[in-house]
Amino acid sequence: MRTLLSCFVASLCVLAALVGVSAQPAAQADETRERWVIVACGHLMAVPGVAPMTDATLVIKDGIIHAVSTELDPGTFVPGAAADNAIIERVDLSESWVLPGLIDCHVHITSETSREGRLRMVIDTDADKAIDATVYAQRTLEAGFTTVRDVGSMGDAAFALRDAVRSGKVLGPRILVAGRAVTPTGGHGDRTHGYKDGIFDIPGPFQGVADGVAECRKAVREQVKRGADCIKLTATGGVLSNTAAGTEQQFFEDELKAIVETAHLLGRRVSAHAHGVTGINAALRAGVDSIEHGTYLDDESIALFKETGAYLVPTITAGKAVAEYAMVPRYYPPPVVEKALRVGPVIQGAFGKAAGAGVKIAFGTDAGVFPHGQNSREFGFMVEAGMSPEDAIISATINAADLCDLSDEIGTLEVGKAADLIAVGGDPRADVAQLQTVPFVMRAGVVAKGP
Ligand SMILES: [Zn+2]
């Protein structure tokens, strides 16, 4: 039967060749043509922190920046290197400020806060999560975030979404996925808190739950095996886990070291969730690449940040959001309410202290703890805490790209990098609120939002 079928297909192909019909569908044929995009930029912040260019032209070939120039006429320029059948598009942003696509180093793209969060833990399937995640991803991209790092999710949905975006099936930002957060039994990342026995299998390293050096190594290897781009660990207790186990250190130092060494051995960066100062400092001593939240950091933490070169990922928006939700009756269970009211309001001050002391900052919000698409609220909180708008933009472009180990591809609009860019109506260095309404988004040379 198979032979008959393949003979039939082969004869069709021969027939097509004889009559000069292409067996390829039109869309597929287009994929093989060069695609050039010529973008007229009124003001171009190609490298945040460097003076913007005026009336600049970006030339993009197949999603990659081919040239950046103030000499070309974007209305008439035709790239000399373009093939005869190349597709050439023009985008007019001559009235706008153009800057690199924004990067959020801390999101949870497959989930979003709701009063039913604990119920949804036991009713949502991976398929439900994946479908929800496509909505969150599109909203995130349309808010100007062309890359996000998913630092902790359940099941396979985040991996599937990442791959679907990468292959162009779904519109969304480029996604780096950590898989399950590595956590001790009963730690912040153990998602079985407060449910009756038997609802969940007892979680192990595959679910990120690990005790002792051997299990910690195994948990990292499990996440990398299933496709993790980076590793997340929970060094301390956290706000939204339904346990009154506090917000101080939860992993021993040998466990932290085992996680970091295994991840680095396998070429993955490590981000550590940490509120309490004991866990912040232990994680920094173990060599993590970033501390997420950093709520109770002290002078020793600041010295350790500088010594190790680790980034602080602030997530001020999440702090503000959980403190607000905690005031809504029965939104969170009682242990969470206590922690949210205590921790939430402290994060912004910790950020201000660290940034003021020269700690490197990579932009991150914890979107999902509040609605996806509101990521840019973080810029306002950062500026309110004393950072200049320009430095806040650097944290969400150059610094975030560095933390994601993607500086060769994103973070600036230079030749050879991805054409991930946004445009806003006014100078965001003068008014950072411009970033809260982003009318134009391009990812990999494709217009995702705008005219
Ligand atoms: Zn988080």
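The values are calculated or read from the model by the stated rules, or taken from the named source; none is laboratory data. What you see is a predicted model, and the numbers here were worked out from it, not measured in a lab. Every residue, glycine as well, gets a Cβ built from its backbone with ideal geometry; the counts of neighbours run over all protein chains shown. For accessibility, only protein heavy atoms count, side chains too; no ligands or nucleic acids. Shrake-Rupley method; radii C 1.70, N 1.55, O 1.52, S 1.80 Å.
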Please find, within segment 58-73, the residue that is least open to solvent (accessible area, probe 1.4 Å) out of those that are over 12 Å from TRP36 (Cβ atoms) and either outside the structural domain of ALA83 (by TED's automatic domain parsing) or part of a strand (DSSP E or B) (or both). SER69
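Restricting attention to segment 215-238, which residues are among the aliphatic types (A, V, I, L, M) and either over 19 Å from THR278 (Cα atoms) or more than 21 Å from the chain's Cα centre (by Cα) (or both)? Give the derivation first.
Initially, segment 215-238 is screened for residues among the aliphatic types (A, V, I, L, M), giving 219-220, 224, 228, 231, 233, 235.
Result: ALA219, VAL220, VAL224, ALA228, ILE231.
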Taking only segment 193-203 into account, find how many residues are touching a residue at least 12 places away in the same chain (Cβ under 8 Å) and either of a type in the set (Gly, Ala, Ser) or part of a helix (DSSP H, G or I) (or both). 1
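In this structure, does ARG174 turn out to be touching a residue at least 40 places away in the same chain (Cβ under 8 Å) and surrounded by 13 or more Cβ atoms within 10 Å (Cβ to Cβ)? Can you show your working first?
On the way: touching a residue at least 40 places away in the same chain (Cβ under 8 Å): yes; surrounded by 13 or more Cβ atoms within 10 Å (Cβ to Cβ): yes.
So ARG174 passes the test.
Results for (1) more than 15 Å from the ligand (Cβ to nearest atom); (2) open to solvent by less than 30 Å² (accessible area, probe 1.4 Å); (3) in contact (Cβ under 8 Å) with a residue 12 or more places away in the chain; (4) over 20 Å from the mean Cα position of the chain (by Cα), shown as yes or no for each residue.
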{"site": "THR278", "(1), (2), (3), (4)": "yes, no, yes, yes"}
{"site": "GLY287", "(1), (2), (3), (4)": "yes, yes, yes, yes"}
{"site": "ILE291", "(1), (2), (3), (4)": "no, yes, yes, no"}
{"site": "GLY294", "(1), (2), (3), (4)": "no, yes, yes, no"}
{"site": "LEU304", "(1), (2), (3), (4)": "yes, yes, yes, yes"}
{"site": "PRO314", "(1), (2), (3), (4)": "no, yes, yes, no"}
{"site": "GLY319", "(1), (2), (3), (4)": "no, yes, yes, no"}
Residues to consider are ALA282, ALA258, ALA323, ALA272; find the one that is in a helix (DSSP H, G or I), among the hydrophobic types (A, V, I, L, M, F, W, C), within 16 Å of the ligand (Cβ to nearest atom) and at negative phi. ALA323
For segment 82-103, what are the residues that are acidic (Asp, Glu) and either in the same structural domain as PHE145 (by TED's automatic domain parsing) or out of contact with any Gly (no Cβ under 7 Å at 6 or more places or on another chain) (or both)? ASP84, GLU89, ASP92
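Quick grid of which residues meet (1) touching a helix residue (DSSP H, G or I) at 6+ places or on another chain (Cβ under 6 Å); (2) of a type outside the set (Val, Ile, Thr); (3) over 19 Å from VAL277 (Cβ atoms):
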{"residue": "THR192", "(1), (2), (3)": "no, no, yes"}
{"residue": "VAL209", "(1), (2), (3)": "no, no, yes"}
{"residue": "GLN250", "(1), (2), (3)": "no, yes, no"}
{"residue": "THR262", "(1), (2), (3)": "yes, no, yes"}
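Considering each of VAL313, VAL322 in turn, give the residue that is in the same structural domain as ARG149 (by TED's automatic domain parsing) and in contact with a helix residue (DSSP H, G or I) (Cβ under 7 Å, 6 or more places away or on another chain).
On the way: VAL313 fails: in contact with a helix residue (DSSP H, G or I) (Cβ under 7 Å, 6 or more places away or on another chain).
Checking each option against the conditions leaves just VAL322.
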Could you figure out which of (1) in the same structural domain as ALA272 (by TED's automatic domain parsing); (2) under 25 Å from ASP408 (Cα atoms); (3) open to solvent by less than 50 Å² (accessible area, probe 1.4 Å); (4) of a type in the set (A, V, I, L, M, F, W, C) isn't true of ALA130? (2)
